[in-house]
């Protein structure tokens with residue numbers, strides 16, 4: 001069962017199943033100093049939405065220890081990614097701002113038995129730029145910046161963020 005899709009990365013029990021979503025919407029108010037009075041506040045608009053996904057993986061059971069590396073590779077491509085909920089709701093384009101891992105309880109070979117992760121996504125507000133990028137390369141919505149990388153001879157674990 002797919003919980004969410006970001007670009008070409010599928011969040012599920014078999015990859016990185018998040019247990020918590022923090023969705024932050026905020027607005028900016030600038031202070032204008034006034035002599036001998038409290039400052040006036042001026043509304044300047046909405047800030048980009050931020051979503052933080054938090055979860056725990058047990059690589060020996062499900063998920064694998066390379067899942068966060070795959071997301072980091074996807075983030076390093078520097079392209080906005082389409083975010084779709086498990087129910088099919090298209091949430092727009094988002095960028096991966098941070099990927100954090102905390103690893104615990106290691107095997108004798110240094111492999112973690114438990115990985116706690118946090119992924120921070122920020123909404124990409126420039127839809128005109130995202131649409132222009134899609135027209136130039138429709139596969140950019142799933143994190144493929146170079147369509148020739150889909151040639152089976154050129155495939156690697158990083159092709160789809162895995």
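Numbers at a glance
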quantity	calculated
Given (1) buried (at least 16 other Cβ atoms within 10 Å of the Cβ); (2) in contact (Cβ under 8 Å) with a residue 60 or more places away in the chain; (3) within 24 Å of residue 1 (Cβ to Cβ), index of the condition residue 73 fails	(3)
Residue 87 in contact (Cβ under 8 Å) with a residue 60 or more places away in the chain and either more than 19 Å from residue 127 (Cβ to Cβ) or assigned to a strand (DSSP E or B) (or both)	no
The range 119-129 - residue that is more than 10 Å from the chain's Cα centre (by Cα) and under 21 Å from residue 24 (Cβ atoms) and, of those, modelled with the highest pLDDT	124
Criterion: under 29 Å from residue 131 (Cα atoms) and more than 16 Å from the chain's Cα centre (by Cα) - qualifying residue of 70, 88	88
Count - residues of the range 58-84 that are outside any helix (DSSP H, G or I) and at pLDDT 85 or above	9
Flag if residue 45 is in contact with a strand residue (DSSP E or B) (Cβ under 8 Å, 6 or more places away or on another chain) and over 29 Å from residue 105 (Cα atoms)	yes
The range 1-19 - residue that is surrounded by 11 or more Cβ atoms within 10 Å (Cβ to Cβ) and more than 15 Å from the chain's Cα centre (by Cα) and, of those, modelled with the highest pLDDT	2
Some residue of the range 91-112 being in contact (Cβ under 8 Å) with a residue 12 or more places away in the chain and not in a strand (DSSP E or B)	yes
Qualifying positions in the range 20-57 - in a strand (DSSP E or B) and buried (at least 16 other Cβ atoms within 10 Å of the Cβ)	50, 51, 52, 53, 55, 56, 57
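The values are calculated or read from the model by the stated rules, or taken from the named source; none is laboratory data. What you are looking at is a predicted structure, and each value in this text was computed from that prediction instead of being measured. When we count neighbours, we look across all protein chains shown, and the Cβ atoms used for this are built from the backbone with ideal geometry, even at glycine.
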